Amino acid sequence: KQEVTQIPAALSVPEGENLVLNCSFTDSAIYNLQWFRQDPGKGLTSLLLIQSSQREQTSGRLNASLDKSSGRSTLYIAASQPGDSATYLCALDDSGNTPLVFGKGTRLSVIA
Amino acid sequence: DAGVIQSPRHEVTEMGQEVTLRCKPISGHDYLFWYRQTMMRGLELLIYFNNNVPIDDSGMPEDRFSAKMPNASFSTLKIQPSEPRDSAVYFCASSSLYEQGTNTLVAKNIQYFGAGTRLSVL
């Protein structure tokens with residue numbers, strides 16, 4: 001059974017700092033991996049999706065990487081801003097349009 | 001498209017009452033998922049449908065929970081009777097294996113989430 005772990009559970013950084021959020025998974029046979037953002041009391045917004053055949057995806061200040069062999073993904077946020085404060089969730093799709101398996105998230109606080 | 005629409009946004013009810021959560025998926029999507037989010041367990045799948053047919057309901061906690069999808073544009077999740085431990089945020093998501101690209105269909109299978117229903121059972 002796929003298990004997804006996100007460490008740390010919470011992170012606080014000063015504005016402007018570059019940071020990395022980590023996601024690890026136990027079964028490397030995945031279809032894709034997504035990073036989501038969740039603001040307090042809100043739904044989930046998809047940030048980046050990496051297909052199994054890809055190594056990374058970029059969107060603006062965000063870069064997500066995928067290393068299936070080691071069971072790891074990272075989300076890199078450059079020049080962090082207070083508006084980046086949210087919970088970031090990593091989720092895996094094992095075989096395409098199957099239910100996502102989520103990590104418990106990293107709660108990020110960017111201090112001005 | 002307005003995205004995945006869930007109603008109500010908030011529901012407060014008393015133990016023993018019936019609760020019905022509603023979801024309207026994105027038009028054209030043929031997969032619909034119900035998830036539940038709690039502090040202790042995070043986000044977990046309850047049930048999902050493909051072309052209105054339930055595929056996997058192994059995440060449904062017990063017989064008090066039931067879900068239906070009578071047509072491609074509507075799904076309900078019902079809890080009867082409700083209990084305090086059912087208090088959580090319930091999310092609906094929809095997806096499609098393919099999305100329209102410039103000149104062809106592109107494999108996407110991105111799940112789009114609704115804003116959720118925050119349920120409090122007193």
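Points to keep in mind about this one:
- The modelled label-to-label distance for the pair residue A:67/residue B:10, using points 7 Å beyond Cα in the direction of Cβ, is 4.5 nm.
- The mean count of C-beta atoms from other chains within 10 Å of the C-beta of residues in A:42-51, rounded to a whole number, is 4.
- Taken along the Cα-to-beta-carbon direction at a fixed 7 Å, the label points for residue B:110 and residue B:20 span 3.3 nm.
- Burial order of peptide ranges A:30-38, B:59-67 (average beta-carbon count within 10 Å, highest first): A:30-38, B:59-67
- Buried surface for the B/A pair, taken as the accessible area of each chain alone minus that of the pair with a 1.4 Å probe, is close to 1600 Å² in total.
- Surface listing: B:26, A:111, A:50 arranged by accessible area from highest to lowest gives A:111, B:26, A:50, probe 1.4 Å.
- DSSP-assigned coil residues among chymotrypsin sites (Phe, Trp or Tyr not before Pro) in region A:38-112, each with at most 13 further Cβ atoms within 10 Å: none
- By the equivalent-ellipsoid construction on the alpha carbon gyration tensor, the protein assembly as shown comes out with semi-axes of 29, 22, 16 Å, ordered largest to smallest.
- Nearby aspartates and glutamates by direct alpha-carbon distance to residue B:24 (threshold 14 angstrom, same-chain neighbours under 8 apart not counted): B:1
- A straight line joining the Cα centroids of region B:19-90 and region A:47-110 runs 25 Å.
- Each of A:63, B:80, B:90 was placed along the dipole of the protein assembly as shown (beta-carbon charges, centred on the mean Cα), and the one lying farthest toward the positive end is A:63.
- The mean sequence separation of alpha-carbon pairs under 8 Å and at least six residues apart, normalised by the residue count of region B:1-116, gives a relative contact order of 32 percent.
- Basic side chains Lys and Arg get +1 at the Cβ, acidic Asp and Glu get -1 at the Cβ, and with that the dipole of region B:1-121 about its Cα centre reaches some 240 debye.
- FRET efficiency, 1/(1 + (r/R0)^6) with R0 41 Å, evaluated for residue A:46 and residue B:83 via beta carbons: 0.80
- In a reduced charge model with +1 at each Lys and Arg Cβ and -1 at each Asp and Glu Cβ, the protein assembly as shown shows a dipole moment near 220 debye about its Cα centre.
- Using 0.36 nm per residue and subtracting the Cα-Cα separation, the extra length available between residue A:55 and residue A:5 on full extension is 16.1 nm.
- Chain A, relative contact order [Cα under 8 Å, separation at least 6], %: 37 percent
- Using Cβ point charges alone (K and R +1, D and E -1), the dipole size of chain A about the Cα centre works out to roughly 80 debye.
- Across peptide B:112-120, the mean count of Cβ atoms from other chains lying within 10 Å of each residue's own Cβ comes to 3.
The values are calculated or read from the model by the stated rules, or taken from the named source; none is laboratory data. Remember, it's a predicted structure, so these values are computed and weren't measured experimentally. For neighbour counting, all protein chains shown are included, and Cβ atoms are generated from backbone atoms with ideal geometry for every residue, glycine included. We work out accessible area using only protein heavy atoms, side chains counted, and drop any ligands, DNA or RNA first. Shrake-Rupley method; radii C 1.70, N 1.55, O 1.52, S 1.80 Å.
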